[in-house]
Amino acid sequence: MKEKFLQLLVNAVISRSESSIRLPSNRGTYQPDIRKLKEILNKDKNKATGKVFKSLIVLCMAVMTVFNMFSGEKVYAQESEKTMVLEFQGYTYDSNMTQPENTYLLHTFEMDREIYTLYDSLTDHPLETFVIETGNSPNALSGTYDMSFYHDKVLYDNNWNIVVTIRYTLVASVYSSGSFRQFNAIRNSGLTFADTPITSMSIENQSCNAWSNTGVFPCLQIDFNYICNVKAARSADASINASLIYAGFSFGSSTSNYAYRYLNESGSFTMHM
């Protein structure tokens, strides 16, 4: 009887995993069909054995949950509360942030650029973009070359109009030979605007730092952080000022000529060997 139950358990896991793979974008919750398992439990007269079988059912449900989490092309926030870690070709990026609720990540390639985009799951508007650009696939490069990393953060108003997109750029020198790679130096680290803001803006009091996690180069991991204030001029158009406030800017008072938005981000890169 136990052998029959275990076979049913295995068949249930296989059946669920196959359906998950066929439907990678399925975001709905599910109720595993354990009718046959319950029937077996009801027939079992041994309470101790029944407890063991119930434990196996719980384990089965946990395994099926794991299949649901990793079989889809889109990674939704409600599926994990862990720190958002992005796996690029040759690099691992740890964002030091938890993926916000009601969002999903999409992994794409564009010429020599590898891209992760964080979308709002209700409107499909892009919220943040993480890009690595090397001029070629890391596996096809050798010698010394530059790796550029871009992190775009988009700020919207209540109508999903873009208020401003702020870009952090990190450029590192990389040495590669066969499967071996290392960071040789930091070329550049800084903040800019990636588009034209809705009103006059500037980035003030910025501090952008990137360093080897061992304190010396060459190394296999780079850490970075940046802080700044984004300064926006008050507009004669009241709707623009309202958009600034919705996007997280704050006017000191009703007569202040400028509004400010504080940003503080950090992250790290690790080489794949």
> With each pseudo-label sitting 7 Å past Cα toward Cβ, what's the Met97-Ser202 distance in nm, one decimal?
Replying inline: 2.6 nm
>> Sequence gap at least 6, Cα distance under 8 Å: using those rules, report the relative contact order of segment 79-123 to the nearest whole percent.
In response: 29 percent
>> Quick check: residue separation of Arg187 and Asn161 times 0.36 nm, minus the Cα distance between them. What number comes out in nm?
In response: 6.0 nm
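R0 = 25 Å: FRET efficiency of Asn209 with Asp146, Cβ-based, nearest 0.05?
Calculated transfer efficiency: 0.85.
Values quoted throughout were computed directly from the atomic coordinates according to the rules given, and no laboratory measurement underlies them. Being a predicted model, the structure only gives us computed values, none of them experimental. All Cβ positions, glycine included, derive from the backbone under ideal geometry; neighbour counts span all protein chains shown.
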